[in-house]
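Worksheet: the structure to be examined is printed underneath.
The values are calculated or read from the model by the stated rules, or taken from the named source; none is laboratory data. Quick caveat: nothing in here was measured; it's all calculated off a predicted structure. Every residue, glycine among them, receives a Cβ derived from its backbone with ideal geometry; neighbour counts consider all protein chains shown. All accessible areas refer to the heavy atoms of the entire protein, side chains included, with ligands and DNA or RNA removed. Shrake-Rupley method; radii C 1.70, N 1.55, O 1.52, S 1.80 Å.
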Amino acid sequence: MLSDLAWLPAAAPDFRGRVRALRAEASAPTEGFFERALALATAALDENQLGQLASLGRELLAGGKAPPAYAQARLGLIGDGTLSLLAPVIAGTAIRYGLLVDVVEGDYGSGIQQAMNTSSPLHLAGLDMLLVASGARGLGLNRSAESSEDAERRVDAAFSQVKLIADALRPAVVAAILVQTVPLPIDPLFGSFDRLEPTSPYAMIGALNGRLRDWAAEGGVLLVDVARLAETVGLERWDAPGHWYASKLPFAPEMAPVYGEVVARVIAAVRGRSRKCLVLDLDNTLWGGVIGDDGLAGIQLGQGSATGEAFLAIQRMALELRGRGIVLAVCSKNEEDAARAPFREHPDMLLREDHIAVFQANWTDKAANLRAIAEALNIGLDALVFLDDNPAERAQVRRELPWVAAPELPEDPALYPRMLAAAGYFEAVSFSVEDRERAGYYQANAQRAATLQASGDMDSYLSSLHMVCAINAVDPVTRPRVAQLINKSNQFNLTTRRYTEAEVAAAEADPARHAIQVRLADTFGDNGIISVVIANKVVEAWDIDTWLMSCRVLGRRVEEAVLAHLAGAARAAGATALTGRYIPSAKNRMVAQHYDKLGFVRVEELPDGTVVYSLDLAGFAAPDLPLLVDDQVAVHTESAA
Amino acid sequence: MTAISSEAVMDSLREIMIDVFDLDDLALTLETTADDIEEWDSLSHVRLVVAVERKFGFRFTNSEIESLKTVGDLVRLIQSKAG
């Protein structure tokens with residue numbers, strides 16, 4: 001997975017021709033040039049293709065045409081093997097990170113001399129960064145020591161060699177010095193006992209890596225953990241003695257692309273180009289199944305099924321990333337209420353609404369939603385990673401927004417976390433307490449922005465919808481739909497009382513009850529019957545038995561229009577108050593504050609959690625609403641009166 | 001056992017070399033040597049070997065590589081290893 005850069009799509013057909021076309025344009029880049037370069041670079045390229053990209057980068061730098069959207073770095077590369085194969089691979093990979101890297105190579109085999117000589121090209125180049133690429137063979141740790149004292153000396157000498165180079169060149173390097181950990185040797189001398197025996201190369205290299213780690217922890221250098229890379233891809237694939245003997249290549253040349261990737265990540269992190277936000281699709285990405293079709297009980301999530309546990313692991317990974325400061329967002333083609341339901345109500349969800357900084361669930365294309373997310377968080381598109389199981393969506397996002405990273409995903413969701421981790425989007429070179437809090441900080445900002453937007457634009461948005469809210473008595477024609485809503489609505493349903501069609505018919509006919517249905521139409525069409533209210537006409541205070549609404553019209557202020565109607569009707573009948581009640585269910589938490597928001601006061605809280613409310617009609621004034629109310633019930637009442 | 005024709009190997013080699021040496025076009029014969037192609041140096045030779053190994057799915061030994069003098073030698077080596 002890591003070794004073949006599996007999160008990246010295959011190289012474009014005729015990759016070489018496309019790079020050549022860009023190179024022909026490099027002296028005078030036209031519109032979209034850098035997006036095209038980025039799109040070409042965002043693929044699983046081999047060392048030759050990376051070399052071709054590196055040539056493009058070199059020509060851009062030489063021509064002074066590097067765009068502001070790309071960061072730049074001059075990297076010194078010094079080490080104890082053949083570096084010429086690695087330099088173009090690093091420079092080519094860097095373009096994937098929006099970085100133009102100009103590599104200045106030290107000569108083979110004379111690293112220390114060049115580092116000490118202050119008139120060497122490395123000293124004079126004006127380096128931003130330096131990479132000291134050492135391996136066990138060059139550091140003399142590929143042979144066992146004669147005694148434990150000798151082993152200690154050898155580790156010390158190896159460490160000193162790296163440190164000498166770094167310290168000598170430090171005055172010539174502006175930003176950062178990178179050193180590599182050393183992969184452990186494959187071939188055992190004693191066997192498992194190697195780990196205990198200090199004279200074994202295995203133990204010595206382990207000791208050296210410890211010294212390098214301590215040095216980095218003190219802040220002297222940054223680590224490129226090549227040891228871990230080699231272990232991940234497999235030491236047997238990593239180490240290629242034949243290539244060392246033939247050309248002093250430090251590792252198998254087919255590992256060059258992944259090596260370049262790991263180095264480029266650290267350079268990108270130093271330049272602040274690591275990504276900041278993980279945007280998650282929902283269906284078949286955070287849970288198995290489609291919430292809109294399968295419902296809360298039907299999606300696969302949680303212990304008890306292999307698939308459910310796999311999706312749980314994805315959520316856990318997202319939470320862990322959030323814990324280290326990565327902002328989480330949602331981008332899903334879904335009804336918003338359906339999309340939010342698992343976050344609110346599914347007992348096995350690890351991710352909850354308050355972990356998500358921006359929640360985009362609608363039927364607009366994902367590119368537009370990703371733009372909205374970047375805008376709400378006030379970060380660049382190049383800070384986003386978009387995780388989506390659907391290859392077509394990923395392709396659309398890559399095509400329209402080449403700056404957004406949209407990793408390929410394997411068939412099996414159990415491997416989603418590994419793929420995301422392998423892609424290394426969130427590489428860090430340090431970690432602080434502030435980082436931990438960063439996700440929350442971004443989130444608060446996004447909420448403020450959203451509130452501002454809501455207060456500034458929501459009413460004009462609603463006005464622009466030209467909504468017509470029609471309120472009518474329930475009749476035989478509308479009865480089936482009303483009964484259906486009564487038996488199906490779970491979320492926006494204050495009492496969750498279920499009535500059959502016959503019971504609804506009885507309510508219609510009962511002069512002591514007030515049963516209405518509400519339709520909403522707007523510029524985009526008629527939503528049909530979206531709300532039902534049944535009230536008992538108790539003389540002093542009408543008692544609201546049922547109040548439900550379809551979540552499709554949340555936020556349209558329909559409930560306020562309904563309240564105005566109820567208040568008017570109750571007043572006309574001589575009542576002075578309205579009584580409402582919220583009966584909590586597993587699914588109706590979203591309306592727990594419904595009556596509070598409408599200005600009712602709490603009268604009583606019952607042991608079962610039911611809250612009884614009252615609204616004094618004397619003090620009630622209907623608000624101005626951005627919708628036209630067509631109240632046929634009131635008209636009839638007035639004409640009858 | 002079906003041996004790959006030397007024409008087929010030459011066609012593949014030409015494609016690989018164009019990519020490895022980053023050339024516009026390449027006139028390749030069995031007699032071509034590294035001296036005939038400016039971009040064919042010891043370093044790009046390593047990339048050539050790796051690209052050929054990747055294309056045909058086998059590994060060369062160092063002694064096999066050291067014995068090569070012409071493109072024809074490489075074609076025959078590929079045929080014998082891939083056959």
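Within region A:81-180, which helices (runs of 4 or more DSSP H) (wholly inside it) include 3 or more residues that are more than 14 Å from chain B (Cβ to nearest Cβ) and open to solvent by 50 Å² or more (accessible area, probe 1.4 Å)?
Hits in region A:81-180: A:111-116, A:148-169.
From the list A:Ala306, A:Ala297, A:Ala310, A:Ala246, exactly one residue is free of Cβ contacts under 8 Å to residues at least 12 places away in the same chain and either among the hydroxyl-bearing types (Ser, Thr, Tyr) or outside the structural domain of A:Leu184 (by TED's automatic domain parsing) (or both). Which is it?
The match here is A:Ala297.
Looking at A:Ser55 and the list (1) within 14 Å of another protein chain (Cβ to nearest Cβ); (2) surrounded by 23 or more Cβ atoms within 10 Å (Cβ to Cβ), which single condition is not satisfied?
All conditions are met except number (2).
Please go through (1) open to solvent by 30 Å² or more (accessible area, probe 1.4 Å); (2) within 14 Å of chain B (Cβ to nearest Cβ); (3) of a type outside the set (Gly, Ala, Ser) for A:Leu61 and return the number of the only condition it doesn't satisfy.
(2)
So how many residues does region A:65-80 have that are under 19 Å from A:Leu169 (Cβ atoms) and part of a loop (DSSP other than H, G, I, E, B)?
Final tally of qualifying residues: 1.
Give the residue, chosen from A:Arg316, A:Arg322, that is touching a His at 6+ places or on another chain (Cβ under 7 Å), assigned to a helix (DSSP H, G or I) and in contact (Cβ under 8 Å) with a residue 24 or more places away in the chain.
A:Arg322
Tell me, please, whether a residue that is at pLDDT below 95 and in a loop (DSSP other than H, G, I, E, B) can be found in region A:221-236.
The answer is yes; a qualifying residue exists.
Can you tell me which residue among A:Glu105, A:Glu152 is under 42 Å from the mean Cα position of the chain (by Cα) and among the acidic types (Asp, Glu)?
Just one listed residue meets the conditions, A:Glu105.
Yes or no: region A:333-351 includes at least one residue that is modelled with pLDDT under 95 and part of a strand (DSSP E or B).
Yes, region A:333-351 contains a residue that is modelled with pLDDT under 95 and part of a strand (DSSP E or B).
Can you tell me how many residues within region A:181-203 are out of contact with any Asp or Glu (no Cβ under 9 Å at 6 or more places or on another chain) and either in a helix (DSSP H, G or I) or open to solvent by less than 50 Å² (accessible area, probe 1.4 Å) (or both)?
Total meeting the criteria: 7.
If a residue has to be over 27 Å from A:Leu53 (Cβ atoms) and within 14 Å of chain A (Cβ to nearest Cβ) to count, how many in region B:1-15 make the cut?
Total meeting the criteria: 0.
Mind counting the residues in region A:10-34 that are within 14 Å of chain B (Cβ to nearest Cβ) and either touching a Cys at 6+ places or on another chain (Cβ under 8 Å) or assigned to a helix (DSSP H, G or I) (or both)?
10
Name the residues in region A:517-526 that are within 23 Å of A:Ala569 (Cβ to Cβ) and in contact with a Lys or Arg (Cβ under 9 Å, 6 or more places away or on another chain), would you?
Within region A:517-526, A:Gln517, A:Leu520 meet the criteria.
Report, by residue number, each residue of region B:16-35 that is of a type in the set (Asp, Glu) and either away from chain A (no Cβ under 14 Å) or farther than 21 Å from B:Phe56 by Cα (or both).
B:Asp24, B:Asp25, B:Glu31, B:Asp35
If a residue has to be small (Gly, Ala, Ser) and touching a residue at least 60 places away in the same chain (Cβ under 8 Å) to count, how many in region A:488-530 make the cut?
Total satisfying the criteria: 1.
Scanning region A:582-598 for residues that are in contact with a helix residue (DSSP H, G or I) (Cβ under 8 Å, 6 or more places away or on another chain) and of a type in the set (D, E, K, R), which turns out least open to solvent (accessible area, probe 1.4 Å)?
A:Lys587
Hey, can you tell me all the residues within region B:9-33 that are of a type in the set (A, V, I, L, M, F, W, C) and open to solvent by less than 40 Å² (accessible area, probe 1.4 Å)?
Answer for region B:9-33, where residues must be of a type in the set (A, V, I, L, M, F, W, C) and open to solvent by less than 40 Å² (accessible area, probe 1.4 Å): B:Val9, B:Met10, B:Leu13, B:Ile16, B:Met17, B:Ile18, B:Val20, B:Phe21, B:Leu23, B:Leu26, B:Leu28.
Looking at this structure, is A:Asp46 among the acidic types (Asp, Glu), in contact with a Leu (Cβ under 9 Å, 6 or more places away or on another chain) and open to solvent by 10 Å² or more (accessible area, probe 1.4 Å)?
When the stated conditions are applied, A:Asp46 does not pass them.
Hey, can you tell me all the residues within region B:63-78 that are part of a helix (DSSP H, G or I) and open to solvent by 50 Å² or more (accessible area, probe 1.4 Å)?
B:Ser63, B:Glu66, B:Arg76
In region A:509-549, how many residues are open to solvent by 20 Å² or more (accessible area, probe 1.4 Å) and touching a helix residue (DSSP H, G or I) at 6+ places or on another chain (Cβ under 7 Å)?
So the answer is 2.
Looking at region A:377-386, is at least one residue in the same structural domain as A:Tyr425 (by TED's automatic domain parsing) and within 21 Å of A:Gly288 (Cβ to Cβ)?
yes
Which is open to solvent by 60 Å² or more (accessible area, probe 1.4 Å) and touching a Ser or Thr at 6+ places or on another chain (Cβ under 8 Å), of A:Ala618, A:Ala577?
A:Ala618
Would you be able to say whether some residue in region A:386-397 is assigned to a helix (DSSP H, G or I) and open to solvent by 50 Å² or more (accessible area, probe 1.4 Å)?
Looking through region A:386-397, at least one residue is assigned to a helix (DSSP H, G or I) and open to solvent by 50 Å² or more (accessible area, probe 1.4 Å).
All but one of (1) at pLDDT below 95; (2) assigned by TED's automatic domain parsing to the domain that holds A:Ala256; (3) not in a loop (DSSP other than H, G, I, E, B) hold for A:Ala37; which doesn't?
(2)
Could you check how many residues of region B:36-52 are facing chain A (nearest Cβ under 10 Å) and part of a loop (DSSP other than H, G, I, E, B)?
Within region B:36-52, residues that are facing chain A (nearest Cβ under 10 Å) and part of a loop (DSSP other than H, G, I, E, B) number 1.
Out of curiosity, is A:Asp187 of a type outside the set (Phe, Trp, Tyr) and closer than 30 Å to B:Ala51 by Cα?
Judged against the criteria, A:Asp187 is a match.
Having 2 or more residues that are at pLDDT below 85 and exposed (fewer than 14 other Cβ atoms within 10 Å of the Cβ) is the bar; report the helices (runs of 4 or more DSSP H) wholly within region A:414-499 that clear it.
Passing ranges, in order: A:433-464, A:479-488.
For every residue, the table says whether it meets (1) under 20 Å from A:Ala54 (Cα atoms); (2) surrounded by fewer than 23 Cβ atoms within 10 Å (Cβ to Cβ); (3) more than 14 Å from chain B (Cβ to nearest Cβ).
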{"residue": "A:Glu218", "(1), (2), (3)": "no, yes, yes"}
{"residue": "A:Val221", "(1), (2), (3)": "no, yes, yes"}
{"residue": "A:Gly234", "(1), (2), (3)": "no, yes, yes"}
{"residue": "A:Arg237", "(1), (2), (3)": "no, yes, no"}
{"residue": "A:Leu249", "(1), (2), (3)": "yes, no, no"}
{"residue": "A:Ala252", "(1), (2), (3)": "no, yes, no"}
{"residue": "A:Glu261", "(1), (2), (3)": "yes, no, yes"}
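Among the numbered criteria (1) hydroxyl-bearing (Ser, Thr, Tyr); (2) buried (at least 18 other Cβ atoms within 10 Å of the Cβ); (3) over 16 Å from A:Phe33 (Cβ atoms), which single criterion is violated by A:Tyr70?
Only one criterion is unmet by A:Tyr70, namely (3).
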